[in-house]
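The values are calculated or read from the model by the stated rules, or taken from the named source; none is laboratory data. Computed from a predicted model, the values in this text were never measured in an experiment. No Cβ is skipped: glycine too gets one built from the backbone with ideal geometry, and neighbour counts run over all protein chains shown. SASA here: full protein model, heavy atoms, side chains in, ligands and nucleic acids out. Shrake-Rupley method; radii C 1.70, N 1.55, O 1.52, S 1.80 Å.
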Amino acid sequence: MSTNNADTVLVDEAATDEGTPLATTQVPGSQVAEASIAASVPGVTDGADDGELENELQQMESDATTLQREGMITESEADDKREQVERTRRLFRDLPPAERAAIVRRRREIGRQLLDKQLSGAAIVPAAVRLNHTRLRPLFEQWWPYLNRMSLNIQRFGNSTFGERDKETVDTWFEKQVKALEAYVDEQLQVADGFRERTEREMTQRGDIVFRPAVTKPSLEITVEAYSRFSMRVLSVITRFDRVMDNFDFLVWNGVRDQSDIDEETGRFLRKFHPVGVRGYMTHLRLMTTVRGL
């Protein structure tokens, strides 16, 4: 797909409102895009690691080759995309951890501002969001606000930004990824529910004390305005995995699973979500260059 080949993007991830961006300084698009992707790695909040970044870069290279083979982009455009991937690798190696963390914090800050803004002329569906677990709040703040805005703007400006055929490729990629996430989380929730019920039943039969922990102060509790069915589906993926983690709490409290096992399961979900967040964010930036050029 071609979500990262804009000539310019707005610095500082300024993406708050079509008419009134937080910042309007422009720099070469590849530099900001690369810094944004590189900053999406580890140790910060989203559960990604160096290997996950490399997987994402390899996928971008593969997408460029596929688009060229199918005649959707020219050979020079494919070469440009591959060069951007290589520049991202170099930038990641050179970017200090503190700078990566600062970019992520800034992206989360602007994401929270997006949640508080209303977009004129947009048909919305309100959604109550409650996340019990602290590991999911950064994931939500770092990616969902941009995915939400992207899902609306790609309907409005997708053809003019990417071209009709390339937009279809972008849409198809997101649909495939979200379907896979939905299937994964549904399976995890079904397995966790069943395992919890069986464990509770067996413990009761043995006369063991059964602890039923509950989160009384959630990590996040707000109402958001969703702009599309797509963004509602992504939101559901996050909130349903929060329910999976409720079952994890039960298993840890009752000594059935170790916390390290739970951390591993949670990290796996975060890594699965990461490519969708990165691509959604980069697509959002690309769309905003079109919106602000109108």
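Using the average count of surrounding beta-carbon atoms within 10 Å as a protection proxy, the listed peptides 246-257, 270-281 rank, highest first, as 270-281, 246-257. By how many nm would the segment from V210 to S120 lengthen if fully extended, with 0.36 nm per residue of separation less the alpha-carbon distance? Separation in residues times 0.36 nm, less the Cα-Cα distance, equals 27.3 nm. Distance between the modelled labels on E86 and E70, one decimal in nanometres: 2.5 nm (7 Å Cα→Cβ projection).
Annotation for M203 and D171: the two label points, set 7 Å from Cα along the Cα-Cβ direction, are 4.8 nm apart. Gain on full extension, evaluated as 0.36 nm per residue between E187 and R105 minus their Cα-Cα distance, stands at 26.3 nm. Based on protein heavy atoms only, the range 124-293 ends up with 46 Å² per residue of surface accessible to a 1.4 Å probe. Each Lys or Arg adds one and each Asp or Glu takes one away; over the other residues whose Cβ falls under 13 Å from the Cβ of T204, this sums to +1. For a straight C-alpha distance cut-off of 29 angstrom, the lysines reachable from K179 (same-chain residues fewer than eight places away being disregarded) are K81, K117, K167, K272.
Here the accessible area is traced with a 1.4 Å probe on the protein chains. For the range 124-293, carbon and sulfur cover 47 percent of it. Phi angles across the range 242-256 convert, under the Karplus curve 6.51 cos²θ - 1.76 cosθ + 1.60 with θ = phi - 60°, into 3J(HN,Hα) values of 4, 5, 4, 5, 4, 5, 4, 4, 4, 5, 5, 4, 9, x, 8 Hz, Gly and Pro given as x.
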